[in-house]
1. Please list, by residue number, every one of the GluC sites (Glu not before Pro) in segment 2-90 that is coil in DSSP and has at most 14 other beta-carbon atoms within 10 Å.
2. With only Lys, Arg, Asp and Glu charged, each at its Cβ (+1 for the first two, -1 for the last two), find how big the charge dipole of segment 253-322 is about the Cα centre; round to the nearest 20 debye.
3. Nearest-5 percent of antiparallel DSSP beta bridges in segment 15-254?
4. Picking from F187, F224, H175, whose Cα lies most toward the positive end of the charge dipole for segment 173-264 (charges on Cβ: Lys, Arg +1; Asp, Glu -1)?
5. Quick one: of K79/K208; K111/K249; K184/K386; K111/K208, which pairs are farther than 32 Å apart, Cα to Cα?
6. Counting each DSSP H run of 4 or more residues in the chain as -39500 (n - 2.57), what helix-only mean residue ellipticity at 222 nm follows after dividing by all residues, to the nearest 500 deg cm²/dmol?
7. Run the dipole for the chain about the Cα centre, Lys and Arg Cβ at +1, Asp and Glu Cβ at -1, nothing else charged, and hand back the magnitude in debye, nearest 20.
8. Cut-off is 10 Å between beta-carbons; in what order do D195, D137 appear when sorted fewest neighbours first?
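Nothing in this text is a laboratory measurement; each read-out follows from the coordinates by a stated rule. Note that this is a predicted model, so its numbers are computed, not measured. Positions of Cβ are generated from backbone atoms using ideal geometry, with glycine treated the same way; all protein chains shown enter the neighbour counts.
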Amino acid sequence: MAAYFDHAATTPLDPAVLEAMRPYLAGEYGNPASLYELANRAERAVERARAQVAALLGAEPREIVFTSGGTEGDNWALKALALREGRAPGRVVTSTVEHHAVIESAEYLEKLGGEVTHVAVDGHGRVDPAAVAEALDVGEKPAVASIMAANNEVGTIEPVGQIAALCRERGVPFHTDAVQAVGKVPFDAHALGVDLASISSHKIYGPKGVGAMYVRRGFRLAGFMHGGAQERGRRAGTVNVAGVVGLGKAAELAREGLEAERARLAALGERLAEGLLGRVPKIAITGHPTERLPGFVSFTAQGVEGEAMLLGLDAEGFAVSSGSACTTGSLEPSHVLLAMGIPPEVAHGSVRISLGRENTGEEVGRFLEVFGRVVERLRAMSPTWKG
Ligand code: PLP
């Protein structure tokens, strides 16, 4: 039996989410912006979903704007806040371990003449709020600061509440990429004091291609898409009704199950990490030892390529991810691991396991049995493994 261990990449659609979406993929096809009853029913479904997402984020429904996902949210936050008509973009403060959607949006702004200040992380991938304070104060008042809530490669949870407070004191708009954190650990937008937060449906057992942006009440965020008055003029384009309904249901399920699932996944993850360290020599867990997403185990194994481990494990029926930047089609070591001070040759041997709702203790046990064999075989063939 194959086991899926890559929930940070995406999650399976929850059957209850599919059921909630089904009517809006078929008979309930109204455009929520139209005025007759068929359309009104679609509009009510969208508003119900808005309330469900708001409840998961500790927000008010009017603070939720639906998007196409995390990438759109990250692009929107950075570009809408930094771009200024007729002038070079405003300064961006961000970290060295962000998702590419933030990193490359910042690079784009830099190309247009903007300045980007990168805050370094420690060996666990954690941003120090004091370093953020320094970056905020170092030059021109930033147009936006963007620091993720939890990292997608090593699972480290960032101190966004403290960072949001530092930004608020200085009047700097603060965005957090909350794609990996939301639904796995408590995320209360009001308590954290963030201005903007991007989330994505397919990381919480919802459909792909849909997400949401939390926009704090009273915060002015210019539209990023033009050509329609949808989402109270904040995001033009016909709303993805079925997708949004799916995200709403996924948010409701995530909220209801959060505490129990968090404890279950944390225990499974610990068992997996301890099992790896106990069975295979020269393995190091990466990411923060305690401030880490539950069920998230990323590690490096010396003398073995991450891609080779991924393929070896795939042949045994386990879907995991390697820390190399396979997303870009290259085998560059992960920018996150390098930013954490891990040497490139070690970073090449990284694997990310992210457990989720359907994983069991039996699967973890089976993985541990298989893993030692896979690594041993690869090390036997490796020119860099010195035993
Ligand atoms: N931000 C983080 C931290 C992610 O892990 C991802 C997904 O890989 C994204 C943004 C992009 O989200 P989406 O796939 O919804 O565009």
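1. Within segment 2-90, the qualifying GluC sites (Glu not before Pro) (loop, at most 14 other Cβ atoms within 10 Å) are E85.
2. Values: 7 positive and 10 negative charges, 41 e Å.
It works out to roughly 200 debye.
3. On the way: 12 of 25 bridges.
Expressed as a percentage, antiparallel bridges in segment 15-254 total about 50.
4. Among F187, F224, H175, the one farthest towards the positive end of the dipole of segment 173-264 is F224.
5. Pairs exceeding 32 Å: K111/K249; K184/K386.
6. -13000 deg cm²/dmol
7. Roughly 540 debye for the chain.
8. On the way: D195 24, D137 13.
The order, fewest Cβ neighbours first, is D137, D195.
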